[in-house]
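Each remark here refers to the structure printed beneath this line.
The values are calculated or read from the model by the stated rules, or taken from the named source; none is laboratory data. Please read all numbers here as calculations on a predicted model, not as lab measurements. Cβ sites come from the backbone with ideal geometry, for glycine too, and all protein chains shown count toward neighbours.
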């Protein structure tokens, strides 16, 4: 999924169009900016049929290149950079989507 043009971008959902014109729908989970550039974590939007088939929570990390209407999302070739970004996103997403756990009751 390299060199995808961003067709639509709002606060939460993105439609990407690849070189062959095929479209993909994603939910934007998070975005960060580092010394290496701007990056987004995207989760594929699944149909109701697909959502029931799997409990696997996977997401993609892509780099944002360009500005304005010329923005594109590209694959990250550097495995070490990708691993570092995955650690950052994993931690941030865990905090953002952490389920409220009931606090343990204190014994009197």
Quiz item: In the list 55, 30, 100, which residue meets the criterion of being surrounded by 15 or more Cβ atoms within 10 Å (Cβ to Cβ) and either in a strand (DSSP E or B) or at pLDDT below 85 (or both)?
Solution: 30
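For residue 76, are the conditions met, namely being surrounded by 13 or more Cβ atoms within 10 Å (Cβ to Cβ), at pLDDT 95 or above and part of a loop (DSSP other than H, G, I, E, B)? Give the steps one after another, and end with the answer.
Numbers: surrounded by 13 or more Cβ atoms within 10 Å (Cβ to Cβ): yes; at pLDDT 95 or above: yes; part of a loop (DSSP other than H, G, I, E, B): yes.
Against the criterion (surrounded by 13 or more Cβ atoms within 10 Å (Cβ to Cβ), at pLDDT 95 or above and part of a loop (DSSP other than H, G, I, E, B)), residue 76 qualifies.
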Practice problem: Please enumerate the residues belonging to the range 59-83 that are within 20 Å of residue 94 (Cβ to Cβ) and touching a helix residue (DSSP H, G or I) at 6+ places or on another chain (Cβ under 8 Å). | Solution: 59, 61
